[in-house]
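Remarks on the structure that follows.
The values are calculated or read from the model by the stated rules, or taken from the named source; none is laboratory data. Remember, it's a predicted structure, so these values are computed and weren't measured experimentally. All Cβ positions, even for glycine, are placed from backbone atoms using ideal geometry, and neighbour counts span all protein chains on display.
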Amino acid sequence: MNYGVGQMREYIRKKRIEKSGLFDPHFYVSTYTDVVESNLDPLSHYYYIGWKEGRRPNHYFDTKWYLARYPDVARTGVNPLYHYAMYGIKEGRYPSGEFTGRKAPKAHELAAHRPAFQRRSTGDVSCVVAAPAVAKRDELASGTAALPIAGKNMAIYVHVANADDLALVMPLLVDQSDQYRIYLSADSTHYSAVVEGAKKIYTDIRVSELAQGRNWWSLLLPLLKADRMEFFCCLSTQQLRTWQDQGLSRSHQERLIALSFQGLIGSKAVLSNVVDAFAQNPDVWLIGSALFHRPMAAARGFDPAAAHPILDRYSSSLAGDWGYFANHMFWARIGLLEALAELFKGVSEASDLEVAGAVSLLPLLSGKRVALLHAFDRSTRAHGIEIPQSGDVPYTSSLKNTIIQEMNLGQDYDRLLSSSMVDREFYRTQCDQSQFENYDAVLHYLRFGAHLGLDPCKSFSTRKYLWRYPDVARAGVNPLVHYIKYGANRQASPVLSSSRGDGRYRVFVSCWLKNKESIHDGLLELSERLLADGVRTTFVTNAATLLSEPGVEALSTDFLISNLYPKLSSCNVSFPDWLTEIVEMTRCWEEVMMTSEGARADVGIEARVRSAYAFWKVLFEEFKPRMMLIWGSTAPLSKLHYRLCLDLSIPSLIVERGHFPGTISIDLLAQFGRGGINLRPHSALLANVNCSESDIHHYAEWVRKNQESPYSSKNCKENVEELLSTFRAEQRKIVLFIGVNDLGSGTAYAGRAGVEEHSKLFSSSLQAFHAVRDALRAIDPKAVLMLKPHPSDKTNYSALLSDGDVLVDSHNINPLIVAADVCVSLSTTALARCMLEAKATLNIGISDISMKGAAYECSSLTDIPVQLRAALHGEGLEERSRKGFAFIKYIFEEQLVGVDETTPARLGIRDLSEFISGRIASSPVMSKVDGRLQGRHLLRRLFNPANPIFYKEDYSTAGLKPSRGVDVVIPVYGDAAITKACIDSVLLARGQDDYRIVVIFDASPYEDVKALLEDYRSTEGVVVLFNPVNVGYPATANRGMAYSQDRDVILLNSDTLVTPGWVSRLQRHAYSSDEVATVTPFSNNASIFSLADFPRGAELHGGLEEVARVNEALVSAGGDTIEVPVGHGFCMYVKRTAVRELGFFDEILFGRGYSEEVDFCLRARSLGFKNVCATDVYVGHVGGVSFADTANARKVAARKIISDKFPDYFPEIKKFVSADPFASYRKLV
């Protein structure tokens, strides 16, 4: 069975709950007896359904209570029992209200727990901290710029939490008492003892009483100001209690305190660096020890339920995480203390973490800097200052690991020094900070290097060792130390190899990214993680990066079917029919790349494909891979692998470069059938997602900052606005056309028999460019068309440019997208990037952007001018943008896999590895395939049929409602009185038919018509649109059909009259069959649909009363659905399915009008649709007699176009008139 990426995550989480033993199936079934009838196993029922209904998974876990008590869990939407099993127990959370008031239970205690005789009811108690006044960003900037002078304006402040702690800090304070003003504080319990102890240090030490160590800044600030101190060091032994709660032993606690004090005031060298840092860097306002610099997010994640309102409020303006000093000790300017006091004014109590976080946050908010103190050598005699980039948080190990590291520092240092496995010169090349030139490489690697992923020498990979041995990573042990101490016993290799032969299973991974990209690193990490789970990876690739990686097992080949495979004489196999598709794909590639001659001429394409098939079939049968990751589905070899995996029942995943750099796109459902269409999520699903630009802001920021590009040489120019300034001044619209890799995208396959379709309209970017340019010139001759070809496109576009075209082949695509008014492309990645910027985006290809409602879709050439005009006007852009944002959010959460931890995708390489390992563990070996695996073929047929009709909704007569989403589109040009009569009749006839009326004024010179329509703008259920210029009937009707998006439309002339029930009756005929495209009613004046003076028609006598009388007579006759050659534009019901298959009226061909609806109906018939007449609907038409003025030049030209395109049409009409199928209906009226 195949799983989607989201399903992968849910499957893994459900299995983890099962392994935890926290779910009691017997309790669940006996408590909720309806579970038996659901046909789900108890755990699946609870995981997917039960927890949302508040059901308990066992007798001691209260689902409702847990979500109410921990709103952070409720906000994530994660299953509460999973959260409790994975995080809640470790974080000391309670499973239900009956446990509150005592220590949270451990995992082993839960197993022995029995239900309480009487449960206590515990209310939801939340602590709300009042928000302080906003701290101004320039608050610190107004502070003093005084220079630091030891002995004059620098002070040391220590809060002593316990009198016994004074012994730990006394030696250091004695050494500094003659140079620095010293302040101590203690709570009332220890105040007297601390005062006595302070006298032993120095008689001039000031000791103040501070309640429980809280609000120390309000106590310290007036003291510093009174003594004219400008700089101070904040130290505390309060952390001893916190570290004790975190499980650190007393010796570890004392070691941390000692490290903290020594790192800030421990020697003259340290203090000299502090003085120099403040004196030489006026923008440095905070200095702390690098050993304790941690990401704030990691600290807050330790207790997700804790409230930090101040941090939440003020950190929202920062991009990403920021660092704080986890020991809560630092040097700072007094201006920072003033800002801190202002920030916490009115706050009665704040946690130590919130205060420490605020201390580090304030400099960042005001544009100031934070500096880190380093000990450069083992003896701590040499020190240095690092000033990292704003927001940079490099040091991420836990405090416990830090102390263990420091406790063992001496032994580990000697061990690494004697191993000769630290190459100092090589190591320093990875540290680009010039201030680290004198850093002891061994010391830096032990303290920071391993956490930064630096390698101590060329022969040892830090990251790979941790990937290979996750237990080492979890323990926080330095990987090189572990290898030296224990590696030989577990036969560990310093440079990991996937060809060591210790994998129980094998997977094949293909990749056609020849040049180095971050994805290669992601795939290498994946292979290492899989190897740790006993899965051996074999790469099938042309990438030198993968082929040259030491120890990697790889097969060197390319994505074409070359003649390197064995001749057929050595292969005894039969060949499937689907090989013809591979042959055609190979022929296409070689024609486009012009490689069909030369070295490959000695062996025909068909013979080469058969040889390749035989080779891979034998290889797969011999090695029995448990899965294959196939790169894309457009390369001939990729398609061969995919088809072969289906035949041999080898599970496969389609992988390829993601929508954004640094991501891999995964098709876990195998739903990329034709053209890579991702059938889920459909537009209807995205319509229900409430997503705005702010919800994806962090994705957009990451994409904008990500400079990785596979074609950097073609994205080097940045001066876009300089290029476009002239056009901006002339107020010309700017359209960006983004080309595509015709072969890689599958566009080149268009029109080739037997090959899945990746482009419906064009076989090359060049064709698409010409079509878009023609449409743009027709609708807006002044517009500028920027052309950004794909780097693989060798076309000489410079020779093809005309006035208004601009070639931007070397400009960076990101600023081009931002600068454009409308973007047009066949490329999935380009379209996703455009949607991220909320641009009006025209999709002219087939991709996983299709069907999402996020772009202006073009499935026909006639769609291009219509959708391009709508995009230029921004019609429907807000709704499309919202769906686009929802789609971006969806792919980052469910489809994309980040290749490293900086990628904001929810899924990473670890998740993908776990999924693959889980799939392999639960799948039968290839030689023992059972019937269950055949369900995969059924799944593919359901989600990806062989010949899918992507845009046909499941319309059926059953369940048809009176209203099925219909817009009545009325193009208007002249005659205000007749137009008013028409619109009023449509409004009067609405009744129970809940249709919308869309009136479009085609910029006529009649001011009375325009004024009339202005009056209708306030009418409920009426939308009035105004064309900026007169464009004619076809374009105006097209605008209405495009505006209606997913709804059916009734095109209605402005000189018609209707009566109640007309829409529901038209709709009944429309849905009498899926094949119906258009429905036309009878009229007094509508050529072959005329009931008077057939087929010429006659004037309408009697007005609306006459129309009502005729309708009553027709309805009484029952109303048959009769097929007709074409419909008539005076009143024509058009189903949205037909529009999506056919496109719109051909406004380029028919210009300002006449016969455009005839062309539309005949095109519909050519695709298997039908045009019908609704014999129980009569619409009055007060306009001129049809075909009366045959001398009209436009009519004559239109008739010639129809005759040339459809030579059988006019003879067919003559036969239809002669047969007179409507004679019986004329007798009724």
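Just for strands (runs of 3 or more DSSP E) wholly inside the range 293-353: which have at least 2 residues that are at pLDDT 75 or above and among the hydrophobic types (A, V, I, L, M, F, W, C)?
So the answer is 330-333.
Report, ordered by the first and then the second residue, all pairs with beta carbons closer than 6 Å, sequence separation of six or more or different chains, a first member in the range 838-863 that is outside any loop (DSSP other than H, G, I, E, B), and a second member that is of a type in the set (Asp, Glu).
Sorted first by the residue in the range 838-863, then by its partner, the pairs are ASN843/GLU857.
Among the residues of the range 973-1010, which ones are assigned to a helix (DSSP H, G or I), surrounded by fewer than 19 Cβ atoms within 10 Å (Cβ to Cβ) and either free of Cβ contacts under 8 Å to residues at least 24 places away in the same chain or not aliphatic (A, V, I, L, M) (or both)?
Scanning the range 973-1010 gives ALA977, LYS980, ASP984, GLU1007, ASP1008, LYS1010.
Is there a residue in the range 1118-1137 that is among the hydroxyl-bearing types (Ser, Thr, Tyr), under 55 Å from the mean Cα position of the chain (by Cα) and within 30 Å of VAL772 (Cβ to Cβ)?
yes
VAL495 - would you say it is of a type in the set (Val, Ile, Thr), within 23 Å of GLY918 (Cβ to Cβ) and either under 33 Å from the mean Cα position of the chain (by Cα) or at pLDDT below 80 (or both)?
So VAL495 does not fit the description; no.
Every residue, every condition in (1) more than 44 Å from the chain's Cα centre (by Cα); (2) in the same structural domain as PHE1160 (by TED's automatic domain parsing); (3) touching a residue at least 40 places away in the same chain (Cβ under 8 Å); (4) crowded, with 24+ Cβ neighbours inside 10 Å, yes or no:
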residue	(1), (2), (3), (4)
TYR1033	no, yes, yes, no
ASP1046	no, yes, yes, no
THR1056	yes, yes, yes, yes
TRP1062	yes, yes, yes, yes
PHE1089	yes, yes, yes, yes
GLU1099	yes, yes, yes, no
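Considering the range 171-208 alone, what residues qualify as being part of a strand (DSSP E or B) and at pLDDT below 80?
Within the range 171-208, none qualify.
Quick one: is ALA1070 surrounded by 20 or more Cβ atoms within 10 Å (Cβ to Cβ) and closer than 26 Å to LEU1012 by Cα?
So ALA1070 fails the test.
Residues of the range 1-43 being modelled with pLDDT under 75, among the hydrophobic types (A, V, I, L, M, F, W, C) and under 31 Å from the mean Cα position of the chain (by Cα), which ones?
Listed by number, the residues that qualify are MET1, VAL5, MET8, ILE12.
Working only within the range 1186-1207, note down all residues that are surrounded by 11 or more Cβ atoms within 10 Å (Cβ to Cβ), modelled with pLDDT of 90 or more and in a loop (DSSP other than H, G, I, E, B).
PHE1206
Could you list all residues from the range 754-775 that are without any contact (Cβ under 8 Å) to a residue 40 or more places away in the chain and of a type in the set (S, T, N, Q)?
Across the range 754-775, the qualifying residues are SER763, SER764, GLN767.
Residues of the range 988-1007 being within 40 Å of the chain's Cα centre (by Cα) and among the aliphatic types (A, V, I, L, M), which ones?
ILE997, VAL998, VAL999, ILE1000 - these are the residues of the range 988-1007 that are within 40 Å of the chain's Cα centre (by Cα) and among the aliphatic types (A, V, I, L, M).
Could we say that PHE915 is in the same structural domain as LYS839 (by TED's automatic domain parsing), more than 30 Å from SER1073 (Cα to Cα), at pLDDT 50 or above and touching a helix residue (DSSP H, G or I) at 6+ places or on another chain (Cβ under 7 Å) here?
When the stated conditions are applied, PHE915 does not pass them.
Determine whether ALA130 is modelled with pLDDT under 80, in a loop (DSSP other than H, G, I, E, B) and under 26 Å from GLY335 (Cα atoms).
yes
Scanning for something out of contact with any helix residue (DSSP H, G or I) (no Cβ under 8 Å at 6 or more places or on another chain), in a helix (DSSP H, G or I) and hydrophobic (A, V, I, L, M, F, W, C), does the range 782-799 turn up at least one residue?
Looking for residues that are out of contact with any helix residue (DSSP H, G or I) (no Cβ under 8 Å at 6 or more places or on another chain), in a helix (DSSP H, G or I) and hydrophobic (A, V, I, L, M, F, W, C), one finds at least one in the range 782-799, hence yes.
If the requirement is being more than 27 Å from SER913 (Cβ to Cβ), in contact with an Asp or Glu (Cβ under 8 Å, 6 or more places away or on another chain), at pLDDT 80 or above and buried (at least 21 other Cβ atoms within 10 Å of the Cβ), which of these qualifies: LEU446, LEU416?
Among LEU446, LEU416, only LEU446 is more than 27 Å from SER913 (Cβ to Cβ), in contact with an Asp or Glu (Cβ under 8 Å, 6 or more places away or on another chain), at pLDDT 80 or above and buried (at least 21 other Cβ atoms within 10 Å of the Cβ).
Name the single residue that is nearest to VAL274 (Cα to Cα) among those in the range 349-373 being buried (at least 20 other Cβ atoms within 10 Å of the Cβ) and touching a Pro at 6+ places or on another chain (Cβ under 8 Å).
LEU372
Within the range 1119-1138, can one find any residue that is farther than 24 Å from ASP967 by Cβ and not in a loop (DSSP other than H, G, I, E, B)?
Yes - at least one qualifying residue is present in the range 1119-1138.
For the range 687-704, does any single residue satisfy the condition of being outside any helix (DSSP H, G or I), touching a helix residue (DSSP H, G or I) at 6+ places or on another chain (Cβ under 7 Å) and at pLDDT 75 or above?
Yes, because at least one residue in the range 687-704 is outside any helix (DSSP H, G or I), touching a helix residue (DSSP H, G or I) at 6+ places or on another chain (Cβ under 7 Å) and at pLDDT 75 or above.
In the range 78-86, is there at least one residue being surrounded by fewer than 21 Cβ atoms within 10 Å (Cβ to Cβ), under 19 Å from ARG16 (Cβ atoms), in contact with a Lys or Arg (Cβ under 9 Å, 6 or more places away or on another chain) and of a type outside the set (D, E, K, R)?
The answer is yes, given that some residue of the range 78-86 is surrounded by fewer than 21 Cβ atoms within 10 Å (Cβ to Cβ), under 19 Å from ARG16 (Cβ atoms), in contact with a Lys or Arg (Cβ under 9 Å, 6 or more places away or on another chain) and of a type outside the set (D, E, K, R).
Is it the case that PHE1089 is of a type outside the set (Val, Ile, Thr), in contact with a Leu (Cβ under 7 Å, 6 or more places away or on another chain) and under 30 Å from LYS1195 (Cα atoms)? Talk me through it step by step, then tell me what you get.
Numbers: of a type outside the set (Val, Ile, Thr): yes; in contact with a Leu (Cβ under 7 Å, 6 or more places away or on another chain): no; under 30 Å from LYS1195 (Cα atoms): yes.
Here the answer is no, as PHE1089 does not meet what is asked.
Please verify whether the range 950-972 includes one or more residues that are surrounded by 14 or more Cβ atoms within 10 Å (Cβ to Cβ), of a type in the set (Phe, Trp, Tyr) and at pLDDT 90 or above.
No: the range 950-972 contains no residue that is surrounded by 14 or more Cβ atoms within 10 Å (Cβ to Cβ), of a type in the set (Phe, Trp, Tyr) and at pLDDT 90 or above.
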